[in-house]
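**Student:** One structure follows; several queries about it will come next.
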Amino acid sequence: TFIGAGVGYQFNNWLRADITGEYRTQADYRAIQSYGPTFCPMVSGRCFDAYHGKVGAAVFMANAYADLGTWAGITPYVGAGIGLAHLRFNNLTDTSMQPAGGFGYAQNSSQTNFAWALMAGLGYNVTNNLKLELGYRYLNMGKVNAPAITCLNTQACGYERQSFNLASHDIRLGFRYMFGETGMAPIAMSAPGPLVRKY
């Protein structure tokens, strides 16, 4: 799960931009590695290790959006963003799935990566100033690199490292409040006033 906020500026009826920050709670990282008898001579066939850890992030983005027109109070939009993702990789363990057992762990770590995003969604005019938004975002947070794993009960420790690309498909529900003048919607021509005659 994640929560975020931002502040921005609407340049005209079609173009707006903002700067956002968000906190993403830790998600499970799970992986299984198999390897041949060269590295597990006591077992016939293949050996397996199971990895488990937690990955969280704080993300800061600069975004631009194009509003595509308004119909019945609904405005579709597309957008893109670039920024930074500060990643936390915690509690990484390596457990052997063989009868002989084996266990290892890595120190907690953090790193900051370049991040980018693509977005699309719909905005709904609750009032002239308040917009409700439902959107999809693809967020790429770069590669996560864990420290070397230390083995506890085996002499043959390779001090291996886990690394993977981190991305997220997000469905976001939120609101946007516009301060100041509210004349940013496409302007419609006003009908002429009634003609009044006196007799």
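**Student:** Rank these by accessible area, largest first, 1.4 Å probe: Lys131, Lys54, Lys143.
**Tutor:** Values: Lys131 25, Lys54 60, Lys143 100 Å².
The residues order as Lys143, Lys54, Lys131, largest area first.
**Student:** Given the whole protein assembly as supplied and a 1.4 Å probe, what does the accessible area of Glu160 come to in Å², nearest 10?
**Tutor:** 50 Å²
**Student:** Under the Kirkwood approximation for Rh and a Cα-based Rg, what ratio Rg/Rh is obtained for the stretch 46-112? Don't skip to the end; give the middle numbers.
**Tutor:** On the way: Rg = 21.7 Å, Rh = 16.0 Å.
Rg/Rh for the stretch 46-112 comes to 1.36.
**Student:** How long is the gain from Met178 to Phe114 if the chain were fully straight, where each residue apart is worth 0.36 nm and the alpha carbon distance is subtracted? Mind showing how you got there, number by number?
**Tutor:** On the way: separation 64, 0.36 × 64 = 23.04 nm, distance 2.95 nm.
Going from the current span to full extension adds 20.1 nm.
**Student:** While we're looking at this one, here's another question. Quick one: ranking Phe103, Phe60 by accessible area, 1.4 Å probe, largest first, what do you get? Provide the component values of the computation, followed by the final result.
**Tutor:** Numbers: Phe103 80, Phe60 120 Å².
Descending accessible area places them as Phe60, Phe103.
**Student:** Another question about this same structure. In terms of solvent-accessible area of protein heavy atoms at a 1.4 angstrom probe, what is the ranking of Phe164, Phe175, Phe114, highest value first?
**Tutor:** Working: Phe164 40, Phe175 155, Phe114 120 Å².
Accessible-area ranking of Phe164, Phe175, Phe114, largest first: Phe175, Phe114, Phe164.
The values are calculated or read from the model by the stated rules, or taken from the named source; none is laboratory data. Values in this document were obtained by computation on a predicted structure and should not be read as measured data. Accessible surface is based on the protein model in full, side chains and every heavy atom, while ligands, DNA and RNA are left aside. Shrake-Rupley method; radii C 1.70, N 1.55, O 1.52, S 1.80 Å.
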